[in-house]
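Each reported figure results from applying straightforward, stated rules to the coordinates on display, with no laboratory input. Because the structure is a prediction, the values reported are computed rather than measured. When we count neighbours, we look across all protein chains shown, and the Cβ atoms used for this are built from the backbone with ideal geometry, even at glycine.
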Amino acid sequence: MSYNIAIDGPAGAGKSTVARRIAKEKHFIYVDTGAMYRAMGLYFLRNGIRAEDTQRINEQCKEADITISYADGEQVVFLNGENVNGLIRTEEVSNMTSACSVNPKVREKLVELQKRLAKDADVVMDGRDIGTCVLPDADLKIYLTAGSGVRAKRRYEELSAKGEECDLAQIEKDIIERDKRDMEREISPLRRAEDAVLVDSSGLSVDEVVEKILLLCR
Ligand code: DC
C-alpha cells in the first residue's frame with residue numbers, strides 16, 4: 001500500500017516549497033497538481049479561448065494532452081509533448097488557470113491523472129482539492145494557509161527574483177480574487193477537509209513548517 005500526504009491551501013501559502021522538501025526527506029514523489037491546471041490554462045491562453053467560454057473549453061480540453069515526468073526529482077509538465085515548466089508561472093497564466101479550473105471537464109481529466117499517480121507510489125500531492133476529492137483516504141492531510149498580505153509578499157519576492165516586473169498591491173488583489181473563486185466554485189472548492197490538520201505558516205519559517213508536518217507523519 002502506498003502512503004499519501006495531501007497538502008491543500010490558498011495560493012502562496014508555501015505548499016509547493018514545503019511539499020517538495022517533505023518529498024525529499026521521505027523519498028516520496030512530489031506531485032504539483034497546480035502545474036497541471038496551469039498547463040491547461042496555458043493551452044487555452046495560446047488558443048485564444050476565454051475562461052467564460054464553457055462550450056469551447058469543454059470541446060478543447062480533450063485536445064490538451066497533459067503528462068508529467070521527473071528529472072532529478074523535479075516534476076516536469078508536458079503539454080502535447082512540450083515541456084512547459086518555464087512558461088506556466090506568470091501572473092497571466094495564474095489568473096487564467098484559476099478561471100478555467102472551475103470547469104468540470106478540466107477537473108475530471110486532471111483528477112483522474114492525479115489519482116493514478118498516487119495509487120502505486122508514495123506521494124506528497126499539493127493543490128486545492130486533494131484531501132477532499134483526489135485523495136479522500138490520504139494517510140495525512142494538511143491545510144496550509146497564511147494571511148493574504150504575507151502570501152502576496154512571498155509571491156512578489158518570488159516574481160521579483162526572477163526579474164519579472166510586478167506590483168505588490170496588484171498581486172494581493174489578484175490573490176484575494178483567486179482565493180474567492182477557488183473557494184466559491186461549485187465543483188471541488190478549496191476547503192479544509194474535516195480530517196485535515198490546519199497549519200498557519202504566517203509567522204513560521206519553511207523549516208518550522210516542514211518539521212511540524214514531518215512530526216505529524218511519525
Ligand atoms: O497551486 P497553484 O497556484 O499552482 O494553482 C494554480 C490554480 O490552479 C489555482 O488558482 C487553482 C487551480 N488548482 C485547482 O483548482 N485544483 C488543484 N488541485 C490545484 C490547482
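Where in segment 1-91 are there GluC sites (Glu not before Pro) that are in a DSSP coil and have at most 13 other Cβ atoms within 10 angstrom of their Cβ? Let's see the in-between values first.
Details: sites: E25, E52, E59, E63, E74, E82, E91; in loops: E52.
In loop regions of segment 1-91 (DSSP not H, G, I, E or B), the sparsely surrounded GluC sites (Glu not before Pro) are E52.
For L215 and D167, what does the FRET efficiency come to when R0 = 41 Å and r is the distance between their Cβ atoms, rounded to the nearest 0.05?
Efficiency, rounded to the nearest 0.05: 0.60.
Taking 8 Å as the Cα distance limit and 6 or more residues as the minimum spacing, I'd like the relative contact order of segment 1-131 as a percentage.
Relative contact order here is 47 percent.
How big is the dipole moment of segment 1-159 about its Cα centre under a simple scheme where the beta carbon of each Lys and Arg is +1, that of each Asp and Glu is -1, and everything else is neutral? Debye, nearest 20, please.
300 debye
Give me the dipole magnitude in Debye, nearest 20, for segment 48-103 about the Cα centre, with unit charges on the beta carbon: positive for Lys and Arg, negative for Asp and Glu.
In debye, rounded to 20, segment 48-103 gives about 120.
Could you pull out every one of the lysines with an alpha carbon less than 16 Å from that of K105, ignoring same-chain neighbours closer than 8 positions?
K62, K115
Which is farthest toward the positive dipole end of segment 153-218 among V206, L216, I175, measuring Cα position about the Cα centre, with Cβ charges +1 (Lys, Arg) and -1 (Asp, Glu)?
In segment 153-218, that residue is L216.
So what is the 222 nm mean residue ellipticity for the chain from helices alone, if each DSSP H run of at least 4 adds -39500 (n - 2.57) and you divide by all residues, rounding to the nearest 500 deg cm²/dmol? Provide the component values of the computation, followed by the final result.
On the way: 8 runs with 102 residues, N = 218.
Computed ellipticity for the chain at 222 nm equals -15000 deg cm²/dmol.
Work out the charge dipole of segment 1-68 with +1 on the Cβ of Lys and Arg and -1 on the Cβ of Asp and Glu about the Cα centre, then indicate which of G41, N58, A13 is farthest towards its positive end.
The one lying farthest along the dipole's positive direction is A13.
Each residue of segment 185-202 in order: what ³J(HN,Hα) in whole Hz does its phi give by Karplus 6.51 cos²θ - 1.76 cosθ + 1.60, θ = phi - 60°, with x for Gly and Pro?
Going residue by residue, I get 5, 6, 9, 6, x, 5, 7, 6, 5, 4, 9, 8, 8, 7, 10, 9, 8, 3 Hz, with x marking Gly and Pro.
Which of the helices in the chain, when you take each full DSSP H run, stretch at least 15 Å along the axis at their Cα atoms and have an average Kyte-Doolittle score of 1.0 or higher?
On the way: long enough: 15-26 (16 Å, -1.12); 33-46 (20 Å, 0.34); 104-119 (22 Å, -0.94); 148-161 (20 Å, -1.15); 168-184 (24 Å, -1.19); 206-217 (17 Å, 1.38).
In the chain, the long hydrophobic H runs are 206-217.
Are there any GluC sites (Glu not before Pro) in segment 133-202 that are in a DSSP loop and have at most 12 other Cβ atoms within 10 Å? List them by number.
Filter output for segment 133-202: E164, E165, E186, E194.
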